[in-house]
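The values are calculated or read from the model by the stated rules, or taken from the named source; none is laboratory data. Everything numeric in this text was worked out from a predicted model, so none of it was measured. Neighbour counts run over all protein chains shown; Cβ positions are idealised from the backbone, glycine included.
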Amino acid sequence: MKPWQHGYELDTLIEWTNKFEHYNKYCHSPFAKAKKNGMATALSKGQLHEQQGVVYEIRTAKTTSKIKMFGAGPEIASVIPGDKVISKLSYADGNTGENITNVLNKFITPIWCYIFEEDTFLKKAVERAGFEKIGTKISTFSDITGVYYKGGRKFVPVPETENINIYKTPLQYDHNIIDEMTSQLLKMDLEYTNHNSNYNRKQSWKALSLLGFEEDSTYVDKKAGNEEDRPIVQTDLYKKLEHFVKHFLDKIPGRFDRVRFMTLKPGGGELARHTDQTDPTWGTTDEKMVRFHMPLKTNDKVIFTSWNNNGNECVHNMAKGECWFLDTRRPHTAINGGDDIRIHLVADVWSNQDTRRLLKGEKFDTIGLYNKRYEEEHTYRNL
């Protein structure tokens with residue numbers, strides 16, 4: 001008997017873990033999965049229960065805690081002392097859903113229930129019990145957790161643009177300019193920098209900087225050494241392609257951060273399901289950063305998948321000349337199943353009112369020349 005078992009036999013803990021099979025099926029985070037040690041702790045606190053083939057872990061809140069959409073916000077709501085919180089909910093095979101609804105109906109309000117949005121069967125049972133969806137939490141491990149509430153309180157919704165996972169903007173780019181720039185880029189035969197990450201399968205995703213933290217275009221990282229406040233500069237590659245790049249940047253509102261060429265190898269180049277939440281600056285509100293993809297060279301087997309707040313897969317083939325917004329804080333994947341390389345121009349932009357208007361398909365003010373904005377809003381070294 002180990003101390004972590006809290007006096008419970010190993011067979012008992014394994015049995016409880018197995019009862020959360022459906023929960024674990026949709027859970028991506030290794031830290032959130034139902035495991036033996038977590039079962040032991042919950043049992044020792046009297047938080048694990050089973051009724052009518054329904055298992056759940058429930059606690060009573062002792063302090064106020066904020067529920068955030070992402071680690072850095074925005075805030076969805078707050079759990080206050082006395083609220084009941086069901087943090088894990090699962091069910092046995094063959095359950096019709098009525099048992100789940102019946103069990104949930106017995107609880108005294110106010111009560112919260114967290115469930116994985118991709119489990120549509122469980123969602124329907126929770127909604128039948130009178131729970132209202134307040135928002136969605138998305139973890140760094142790609143868990144999409146619906147936040148459901150039953151009680152008398154009202155909550156302020158998050159800004160509209162914070163709920164957009166992927167969107168094809170109205171912006172369009174000239175194919176002749178794209179072809180000419182891409183041709184020159186390919187003739188340079190440059191060595192792209194590999195993006196080091198555990199989701200970059202077969203080292204198939206690489207990049208070069210046009211705007212970055214070094215004049216060297218092979219430097220593609222977010223920060224340059226320890227100088228976190230170092231300004232964005234135009235790279236050596238930008239100078240060679242400036243005339244073409246301006247065609248794209250002149251149309252996008254907002255202050256630019258990194259702008260890069262990003263490639264994905266043909267024949268199965270893949271970015272596995274992941275989220276980008278380590279940088280707290282991502283978001284659509286003022287002084288937060290958004291990302292735009294502009295395909296330059298692609299094929300009909302380059303597939304982009306993004307998951308929305310409801311756990312639904314949104315599958316797209318981004319076409320040459322289009323401009324797409326992608327909220328990288330949400331789960332997303334990319335795969336190049338074609339025989340030709342994929343090259344995107346990817347721009348990170350500090351959001352403002354006009355940026356949000358673009359995301360909503362609304363008209364926004366005429367944008368000045370990119371170079372003028374760059375000189376006004378950045379301090380940089382002349383190349």
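Below is a table of values for the structure above.
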{"read-out": "Unique match (being surrounded by 15 or more Cβ atoms within 10 Å (Cβ to Cβ), part of a helix (DSSP H, G or I) and modelled with pLDDT of 95 or more) among 185, 210", "value": "185"}
{"read-out": "Every pair of residues 6+ apart whose Cβ atoms lie under 9 Å, when the first sits in region 343-354 and is outside any strand (DSSP E or B) while the second is of a type in the set (Phe, Trp, Tyr)", "value": "353/364; 354/364"}
{"read-out": "Close pairs (6 angstrom Cβ cut-off, 6 or more residues apart or separate chains): more than 10 Å from residue 349 (Cβ to Cβ) in region 280-292, acidic (Asp, Glu) and buried (at least 16 other Cβ atoms within 10 Å of the Cβ) anywhere", "value": "284/162"}
{"read-out": "Pairs, first within 16 Å of residue 328 (Cα to Cα) in region 300-311, second assigned to a strand (DSSP E or B) and among the acidic types (Asp, Glu), C-beta under 7 Å, six or more apart", "value": "305/313; 307/313"}
{"read-out": "Only one of 102, 95 that is touching a Gly at 6+ places or on another chain (Cβ under 7 Å) and more than 26 Å from residue 274 (Cα to Cα)", "value": "95"}
{"read-out": "Residue pairs meeting the criteria (Cβ under 9 Å; at least 6 apart or on separate chains; first on the phi > 0 side of the Ramachandran plot, in region 259-273; second among the hydrophobic types (A, V, I, L, M, F, W, C))", "value": "268/335"}
{"read-out": "Where residue 53 falls short, out of the listed (1) surrounded by 16 or more Cβ atoms within 10 Å (Cβ to Cβ); (2) at negative phi", "value": "(2)"}
{"read-out": "Residue pairs meeting the criteria (Cβ under 8 Å; at least 6 apart or on separate chains; first in the same structural domain as residue 306 (by TED's automatic domain parsing) and on the phi > 0 side of the Ramachandran plot, in region 157-183; second at pLDDT 95 or above and surrounded by 13 or more Cβ atoms within 10 Å (Cβ to Cβ))", "value": "none"}
{"read-out": "Residue within region 289-297 that is more than 22 Å from the chain's Cα centre (by Cα) and either in a strand (DSSP E or B) or at pLDDT below 95 (or both) present", "value": "yes"}
{"read-out": "Elements of type strands (runs of 3 or more DSSP E) in region 22-72, at least 3 residues being within 27 Å of the chain's Cα centre (by Cα) and modelled with pLDDT of 95 or more", "value": "65-68"}
{"read-out": "Those strands (runs of 3 or more DSSP E) lying entirely in region 88-152 with at least 3 residues closer than 25 Å to residue 41 by Cα and in the same structural domain as residue 39 (by TED's automatic domain parsing)", "value": "111-116, 144-150"}
